[in-house]
Amino acid sequence: MSNNQAWPVQLQRSGGWRLILRPHLHTPLLAVLLTLCALPAMALGRNKQPIQHAPLPAKVMQATTIYIQNQTNDPGIADKAYTQLKNWGRYQIVDSKEHADVLLVFALTESHRQRSGSGFVSLYNSKSNAYTYGSIPDGPSITTRISTLMQVVDPKTSDVLWADQQPWRHKHTGTQKLLLALRQRIEEQSLRDETPATAN
């Protein structure tokens, strides 16, 4: 057996250098090489830190009454928000800003993107009795993306205490996702505040 055949890894130059593994040769060296290749990925997995949420303002955490202010001209958004809040049960929904600790304000935002594309064409040649296929560039087109913006607002100062938005997808306004995200943030912070810090 030649020296090249004895090694589980071989460099071969054919139009450029190639690294060839010989998995049929079960040698300790092959196991070591595979382990070394996997170490960077394992290290990245260990070093990846989970995203930590910034604390919500005390006004959000301490509020007990809330007023839904719908600025979208879509009554369905307010209805979905009302249903989600009732199922949650954390806030008392009031009918005026004056009685609310915080306002839940809904609005719509639009973003525009210019795109260029091409159109498919087919041409028939009567002399050769054959078709020619191709594409021609279209003029630029503008696509509009609608999103639902939800803000938690202090009714006394008009400060935005928290905000998030969700894009519309197939006429789904994202209202339920917005309230679910807010609920998860509040419950996560409540649990963290209730858990005593461990001494080092």
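Here are the numbers for this structure:
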| read-out | value |
| --- | --- |
| Projected label distance in nm at H53 and E194, using a 7 Å step from Cα toward the beta-carbon | 1.5 nm |
| Angstrom value of the Kirkwood radius, inverse mean 1/r, which spans all Cα pairs in segment 58-194 | 18.1 Å |
| Distance (nanometres) between label positions extended 7 Å along Cα→Cβ at A107 and L123 | 5.2 nm |
| Long pairs among K80/K156; K156/K177; K97/K171; K80/K177; K97/K156, criterion Cα-Cα beyond 20 Å | K80/K156; K156/K177; K97/K171 |
| N73/E187 FRET efficiency (R0 30 Å; Cβ-Cβ; nearest 0.05) | 0.45 |
| Inter-label distance, nm, simple model (7 Å from Cα along the C-beta direction), Y133/H170 | 2.9 nm |
| Gain upon complete extension [V94, V160; 0.36 nm per residue less C-alpha separation] | 21.8 nm |
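Quick note: the coordinates plus some simple rules give every number you see, no bench work behind them. What you are looking at is a predicted structure, and each value in this text was computed from that prediction instead of being measured. Because the Cβ atoms are built from the backbone with ideal geometry, glycine has one as well, and the counts that use them run over all protein chains shown.
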